[in-house]
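Shown next, in structure tokens, is the structure this report addresses.
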């Protein structure tokens, strides 16, 4: 779509992804009176040749065999050759053994190989002067990526949950449970959890993982925010739930940690609408749970926007 609207849009996006050397790759070029081998034509119209292969994964489980097959095909192409591994990288791609192995091989073959996150890809096509139809398309793509947990926005999200009936369990055992259902009980992936009761968030915790238990014998990891084995997180969820004496199914379990007191107040009339509310805390630049709790202490929900934009 970028190319169809204007080749310069695609050229700039490639430049943002791969460096300034690629910013002029796309599009027809016009040159006047450039000396060739045996002549000096009054004008020349040409377009550089380039090929881009993209391999996409929803996670970071790239297979070396598949990437090397792409590389083998690319090396026979003319002009600039680029191989992109587009994925959801929760760890630095520099520490990914498959990607590093392919990068070494690509360099030997004269092919540019880059690992690109969905966030980087989205940022590269969010050009400031796009026409409205492309702005809308890019916005829709961003919403889709966010809804499917393909952007790291979860790292900057506080999930404030009504814990009036389960406050003691959260504080004592660092666990929150709700029905494993869609709708009101479905929670967007978030890094932080806020305990709400009596019009105030009193504690901030880190969400280590969310686990669904369908029965005593069936469990699944919904998402994890920490580098711990899946089996260990599921076992932690089961053990903590046993401590609060619950036995109903299906249940969704938030495994929590690193709790710190705060005083984030809902000053407007009435209680919280619904069972949860999300806060984008990215602009607070909190370094950890303790820092976030400190920055929200004695602030109100109503001055929250001025707090993060000030």
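Only strands (runs of 3 or more DSSP E) whose full extent lies in segment 15-79 are considered here, and the ones with at least 2 residues that are under 23 Å from the mean Cα position of the chain (by Cα) and modelled with pLDDT of 90 or more are 50-56. When residue 278 is tested against (1) in contact (Cβ under 8 Å) with a residue 40 or more places away in the chain; (2) surrounded by fewer than 20 Cβ atoms within 10 Å (Cβ to Cβ); (3) under 21 Å from residue 169 (Cα atoms), exactly one condition is not met: (3). So, residue 190, is that one touching a strand residue (DSSP E or B) at 6+ places or on another chain (Cβ under 6 Å) and assigned to a loop (DSSP other than H, G, I, E, B) or not? Spelling it out, residue 190 is indeed touching a strand residue (DSSP E or B) at 6+ places or on another chain (Cβ under 6 Å) and assigned to a loop (DSSP other than H, G, I, E, B).
Inspection of segment 58-77 finds a residue satisfying the criterion of being in contact (Cβ under 8 Å) with a residue 24 or more places away in the chain, surrounded by 17 or more Cβ atoms within 10 Å (Cβ to Cβ) and under 30 Å from residue 284 (Cβ atoms).
Considering each residue of segment 146-153 in turn, none proves to be buried (at least 18 other Cβ atoms within 10 Å of the Cβ) and either within 14 Å of residue 209 (Cα to Cα) or out of contact with any helix residue (DSSP H, G or I) (no Cβ under 8 Å at 6 or more places or on another chain) (or both). Annotation note: of 137, 106, 124, the sole residue that is at pLDDT 90 or above, closer than 30 Å to residue 12 by Cβ and in the same structural domain as residue 86 (by TED's automatic domain parsing) is 106. Does residue 262 meet the test of being crowded, with 20+ Cβ neighbours inside 10 Å and assigned by TED's automatic domain parsing to the domain that holds residue 293? Here the answer is yes, as residue 262 does meet what is asked.
The single condition from (1) crowded, with 17+ Cβ neighbours inside 10 Å; (2) closer than 16 Å to residue 197 by Cα; (3) at pLDDT below 90 that residue 284 fails is (2).
Based on this model, can you work out whether residue 172 counts as farther than 17 Å from residue 252 by Cβ, assigned by TED's automatic domain parsing to the domain that holds residue 287 and outside any loop (DSSP other than H, G, I, E, B)? Considered against the rule, which asks whether it is farther than 17 Å from residue 252 by Cβ, assigned by TED's automatic domain parsing to the domain that holds residue 287 and outside any loop (DSSP other than H, G, I, E, B), residue 172 comes out as yes. The residues of segment 88-103 that are within 13 Å of the chain's Cα centre (by Cα) and either buried (at least 17 other Cβ atoms within 10 Å of the Cβ) or not assigned by TED's automatic domain parsing to the domain that holds residue 78 (or both), listed by number, are 88, 89. Within segment 211-237, restricting attention to residues that are over 22 Å from residue 150 (Cβ atoms) and touching a strand residue (DSSP E or B) at 6+ places or on another chain (Cβ under 7 Å), the residue that is surrounded by the most Cβ atoms within 10 Å (Cβ to Cβ) is 237. Every condition in (1) surrounded by fewer than 19 Cβ atoms within 10 Å (Cβ to Cβ); (2) assigned to a helix (DSSP H, G or I); (3) outside the structural domain of residue 87 (by TED's automatic domain parsing) is met by residue 165 except one, and the failing one is (2). Kindly check whether there is at least one residue in segment 175-191 that is outside the structural domain of residue 59 (by TED's automatic domain parsing), modelled with pLDDT of 85 or more, more than 24 Å from residue 250 (Cβ to Cβ) and surrounded by 18 or more Cβ atoms within 10 Å (Cβ to Cβ). Yes - at least one qualifying residue is present in segment 175-191.
The values are calculated or read from the model by the stated rules, or taken from the named source; none is laboratory data. These numbers were taken from a predicted model, which means no experiment stands behind them. Cβ sites come from the backbone with ideal geometry, for glycine too, and all protein chains shown count toward neighbours.
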